[in-house]
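The values are calculated or read from the model by the stated rules, or taken from the named source; none is laboratory data. All figures in this text were calculated on a predicted structure; none of them were measured in a lab. Glycine gets a Cβ as well: all are built from the backbone with ideal geometry, and neighbour counts include every protein chain shown.
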Amino acid sequence: MRALGFLTVHLPALAWTGFCTWLLLMPGSDLRGHAETAERFEELGHAVLIFALAWLWARSFRRLAPAVRGAGLWALAGALAYAVALEVAQRWIPGRGFEWLDIATSVVGALAAAELPGVLGPTRR
């Protein structure tokens with residue numbers, strides 16, 4: 001039963017983290033065929049990626065440490081720090097760059113995840 005808990009709670013968070021890392025650190029030359037589409041949806045993409053990352057991390061952290069007060073808040077802060085680190089790392093990726101707007105949309109995504117029931121505290125009934 002314990003392995004099932006890992007698969008259903010922690011594995012999605014780890015897989016989504018890997019997907020976000022791959023997507024946000026992909027060289028810009030790999031995106032050339034989709035440049036117009038990518039530019040239109042880039043900010044929305046950042047918000048959605050970090051929304052899901054923050055929610056999955058909060059779900060995983062709260063399961064790992066249910067007695068720790070603020071586990072969900074730590075997960076949200078960690079997801080934001082991770083998003084900022086990936087954005088800064090883009091400065092050294094060919095065809096990519098650092099943008100404050102991407103960080104702002106990542107913050108919006110994390111704050112939206114914080115509004116989901118059970119992310120920051122117990123689910124109210």
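Of all residues in segment 76-98, those being surrounded by 15 or more Cβ atoms within 10 Å (Cβ to Cβ), out of contact with any Pro (no Cβ under 8 Å at 6 or more places or on another chain) and within 17 Å of Phe19 (Cβ to Cβ) number 7.
Within segment 62-74, the residues that satisfy the criterion of being without any contact (Cβ under 8 Å) to a residue 40 or more places away in the chain and surrounded by 16 or more Cβ atoms within 10 Å (Cβ to Cβ) are Ala71, Trp74. Of the helices (runs of 4 or more DSSP H) lying entirely inside segment 22-125, the ones with 1 or more residues being among the polar types (S, T, N, Q) and either in contact with a Leu (Cβ under 6 Å, 6 or more places away or on another chain) or at pLDDT 90 or above (or both) are found at 100-114.
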